[in-house]
Amino acid sequence: MEGNEELLSVREDGTLRVVAPGYRLRMHEQSGAYRLVSELPGMLVFQKQGVIPSLEQRARVLMAGEIISRMTVMEIINIIATSNWRGELHIFGNSAKRQLSFDQGALIHAFSNDAQDRLGEVLYHMGMLGRAELDVLLKELPPDRRFGQQLVQKGILEAQQLFQCLQRQAEQIFYNALLVGDGHYLFVQPSDDDPQEPAFTTLHIPVQALLMEGVQRIDEMALFRERIPNNLLCPERNSSHPEPPSEGGVRSLWPLCDGNHSIEELARLTGLGEFETIKAVYHLLRDGRVNLRRSSSRLDPRPVQELVARFNEVMQDVFLAVATYGRIEDARRTLSGWIEHSGYGPFFGPGVEEDGSIDPHRVVEALRHADHERPIEALHQALHELAAFALFAASSSLPREQERALAKDISRRLRAIRI
């Protein structure tokens, strides 16, 4: 959980304390006496005592436990489907919470707080919205309106298209839930007269079909990733091989395999989605009809230059403090030695400038040819290490009080530099 939004603290003396005000209100609605049923690793299970309503009048927790592998969620869903249970499966991963609602062997609703599972992101990766258009729509979204409703009102989607996109979103949440290999799960069967608010959209997607597709995707994706390690690679047609048969996703993908579009971009341009695009590229690659190359010309230099500029301000202040005590050349030699042995020479060159800064143009050119899936993130890490070592090297040249003041100021500014 992030922050203290839903934090219940167990003190060393065995007493409980609710930390968050919002959580305290929810606990008020569950007031009463409870018995500790089980102490699971990382999970406490309590049962309310006193007058217990009949099975038809109360919600029941039918299953709860720890997710120990990627097979756990799949097996739990299979039990739910074959037992024809109605209820909600809550899946708590390390970074996201997902909720799948089942009834009559079908998935009827799916929820996720993962940003990649949001409807806008699904439409973006389907190629139905551009990034700039999506950002504007989210900024203009009234607090009392759902994103899908806004798309229909603006005439961007028809109601039928929206429903199909919501189905695609639910399927994506389901498949992503199958990939959770560490966390906890909880399956709740609601009462027959459960007063909770119904979901905005009710679907009816057969669970067994989703499970079969999910298993196939997991197995095939492991195979695909052996040849296609990331989605930033660009397929390029091999001129010595004939055009492939126009089957499935290959029909729309083949004309765009010019070496200038990444797999991520191809998934958007064709509307095939990530899995089908990777599958089509894999078959083309296996048949020798395409080669994969890294994109070297699509890097936007502006965020790189802005990032380097912010770190340069930090480095210049460190060097200014060192220069006050006449140790500037020692600092430069020390940093040059560190850069040489750290492996960051391609980014920074043989050493820093006289004022401690690095050349942003050199960094941009280095990133264009960097062998990284996320080069800007790699640069961010390298710059943090450079600044941290510069501060460490400066500590031997400064009086204790000035060293502490500088370290406090630089640490605060480094924490604020994010990407």
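The values are calculated or read from the model by the stated rules, or taken from the named source; none is laboratory data. This one's a predicted model, so the numbers in the text were calculated from it and none came from an experiment. Note: ideal-geometry Cβ built from the backbone for every residue, glycine included; neighbour counts use all protein chains shown. When the accessible area is computed, the model is the full protein with side chains, heavy atoms only, and any ligands, DNA or RNA have been set aside. Shrake-Rupley method; radii C 1.70, N 1.55, O 1.52, S 1.80 Å.
See the values below:
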| read-out | value |
| --- | --- |
| Restricting segment 10-37 to residues that are surrounded by 11 or more Cβ atoms within 10 Å (Cβ to Cβ) and hydroxyl-bearing (Ser, Thr, Tyr), the residue that is modelled with the highest pLDDT | 34 |
| Condition broken by residue 330, with the remaining ones in (1) part of a helix (DSSP H, G or I); (2) farther than 16 Å from residue 391 by Cβ; (3) touching a Ser or Thr at 6+ places or on another chain (Cβ under 8 Å) satisfied | (2) |
| Residues that are under 16 Å from residue 382 (Cα atoms), without any contact (Cβ under 8 Å) to a residue 24 or more places away in the chain and open to solvent by less than 50 Å² (accessible area, probe 1.4 Å), drawn from segment 397-419 | 411 |
| Residue pairs meeting the criteria (Cβ under 6 Å; at least 6 apart or on separate chains; first within 18 Å of residue 318 (Cβ to Cβ) and open to solvent by 60 Å² or more (accessible area, probe 1.4 Å), in segment 343-370; second hydrophobic (A, V, I, L, M, F, W, C) and part of a helix (DSSP H, G or I)) | 355/319 |
| Single residue of 160, 169 found to be within 20 Å of residue 204 (Cα to Cα), polar (S, T, N, Q) and open to solvent by less than 70 Å² (accessible area, probe 1.4 Å) | 169 |
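Matching residues to (1) at pLDDT 90 or above; (2) outside any helix (DSSP H, G or I); (3) more than 30 Å from residue 81 (Cα to Cα); (4) out of contact with any Lys or Arg (no Cβ under 7 Å at 6 or more places or on another chain):
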| site | (1), (2), (3), (4) |
| --- | --- |
| 193 | no, yes, no, yes |
| 202 | no, yes, no, yes |
| 211 | yes, no, no, yes |
| 229 | no, yes, yes, yes |
| 236 | yes, yes, yes, no |
| 246 | no, yes, yes, yes |
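Condition check ((1) closer than 28 Å to residue 378 by Cβ; (2) open to solvent by less than 70 Å² (accessible area, probe 1.4 Å); (3) touching a residue at least 12 places away in the same chain (Cβ under 8 Å)) across all residues:
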{"site": "254", "(1), (2), (3)": "no, yes, yes"}
{"site": "273", "(1), (2), (3)": "yes, yes, yes"}
{"site": "281", "(1), (2), (3)": "yes, yes, yes"}
{"site": "310", "(1), (2), (3)": "yes, no, yes"}
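Conditions tested, residue by residue: (1) within 14 Å of residue 178 (Cβ to Cβ); (2) among the hydrophobic types (A, V, I, L, M, F, W, C).
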{"position": "72", "(1), (2)": "yes, no"}
{"position": "85", "(1), (2)": "no, yes"}
{"position": "94", "(1), (2)": "no, no"}
{"position": "97", "(1), (2)": "no, no"}
{"position": "103", "(1), (2)": "no, no"}
{"position": "107", "(1), (2)": "yes, yes"}
